[in-house]
Every structure is written in C-alpha cells, then in structure tokens.
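Participant: Mind looking over this structure? Questions follow.
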Amino acid sequence: MRIMSQSIIIDACGWVAIIDSGINFDVELKQIIGNFDLILLDSVLDELKQLDSTRPKRKSLLLTMLENKSTISEFEIESTHTDDQIFELAKRESFSVLTVDKELKKRLFESSIKVIEVSKNNHLKIIENL
C-alpha cells in the first residue's frame with residue numbers, strides 16, 4: 001500500500017524565509033501536512049543560486065540540502081515567469097505552495113490552492129484567510 005503524500009512547490013522567498021528563521025522544515029511540514037514531497041522548479045533553483053551568491057557564507061541558503069530533499073520538476077510548463085509557473089503547476093496538479101510572497105499567496109488562495117507560509121513566530125502554517 002502506497003502512503004499518500006502532498007506535493008509542495010517551494011518558491012525562492014519561501015526557502016529564504018525558512019533558512020533565515022532557522023525552522024526545521026521537515027518536522028514542521030510533517031506536523032501540518034503529514035507525508036510530503038517537495039517540488040523544486042528550475043527557475044526557482046536559478047533564483048536561489050543567484051540569491052545565494054550575494055549572501056555571506058554563514059548565511060548560506062543550503063541549496064544542496066534543498067536539492068537533495070526535493071524533486072526537480074519534470075512537468076511541462078508553458079509560463080515563463082517563475083510565479084506564473086508555480087501557479088500553473090499548483091493549479092493543474094493540485095499541489096500546495098510554500099511561499100511568503102504576498103501577491104503569489106493572494107493569487108493561489110483565491111484559486112483555492114493550499115498555501116503554506118512562514119509565520120511571524122517562526123513556524124510553518126497553512127493560510128486560512130488573507
């Protein structure tokens with residue numbers, strides 16, 4: 001019997017917020033979602049690599065860890081803008097999205113897509129309302 005798991009697309013600002021808050025995202029996601037698979041888009045990884053190169057070494061974004069814990073998306077996506085790609089894939093595949101981007105959260109929430117964010121008290125939470 002296969003254990004069901006929720007696929008979660010992680011966006012660049014969501015990952016940066018996780019790293020900067022020091023959250024143990026494995027534990028946090030397991031508590032609020034259960035079993036999960038992280039989905040990483042090439043465009044998000046490119047954004048993160050660019051961001052990581054401008055940060056001090058002690059503030060590394062731990063991209064190797066993210067890549068090891070994620071599935072790099074093999075999905076066909078028509079959109080070219082990263083937020084549009086995330087939205088398109090989440091809507092089409094019923095994936096959740098981990099982000100702290102205000103505009104993207106609003107767009108996803110209004111389309112009934114599950115949104116996970118880093119809350120002010122440094123925990124992950126599912127957005128119930130905007």
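The numbers here are math on the coordinates, done by the rules we state, and not lab data. All figures in this text were calculated on a predicted structure; none of them were measured in a lab.
Participant: Before rounding to the nearest 500, sum -39500 (n - 2.57) across all DSSP H runs of length at least 4 in the chain and divide by the residue total; then give [θ] at 222 nm in deg cm²/dmol. It would help to have the intermediate numbers written out before the result.
Facilitator: Values: 6 runs with 58 residues, N = 130.
Calculated at 222 nm, the ellipticity per residue is -13000 deg cm²/dmol.
Participant: Among 62, 29, 40, which one shows the biggest mean-square fluctuation in a GNM of the chain, springs joining Cα atoms closer than 10 Å?
Facilitator: Highest fluctuation of the listed residues: 62.
Participant: Over all directions, how big on average is the projection of the convex hull of the alpha-carbon atoms in the range 1-97, in square nanometres? Write down the numbers at each step before the final one.
Facilitator: On the way: hull surface 27.3 nm².
Dividing the Cα hull surface by four gives the mean projection, 6.8 nm².
Participant: With a ≥ b ≥ c taken as the square roots of the eigenvalues of the C-alpha gyration tensor of the range 9-59, please select rounded if a/c is under 1.5 and otherwise prolate if a/b is larger than b/c or oblate if it is not?
Facilitator: oblate
Participant: Run the numbers for residue 120 and residue 50: contour at 0.36 nm per residue of separation, minus the present Cα-Cα distance, in nm. The partial results should precede the final answer.
Facilitator: Working: separation 70, 0.36 × 70 = 25.20 nm, distance 2.57 nm.
Result for the pair: 22.6 nm of gain on full extension.
Participant: Same structure, new question: Per residue of the range 113-121, in order, report the coupling 6.51 cos²θ - 1.76 cosθ + 1.60 (Karplus, θ = phi - 60°) as ³J(HN,Hα) in whole Hz, putting x for Gly and Pro.
Facilitator: Ordered by residue, 3J(HN,Hα) equals 9, 5, 10, 10, 9, 8, 7, 4, 8 Hz.
Participant: What are the lysines whose alpha-carbon lies under 21 Å from the alpha-carbon of residue 120, with same-chain residues fewer than 8 places away excluded?
Facilitator: Within the straight-line cut-off, residue 120 pairs with 30, 59, 102, 105, 106.
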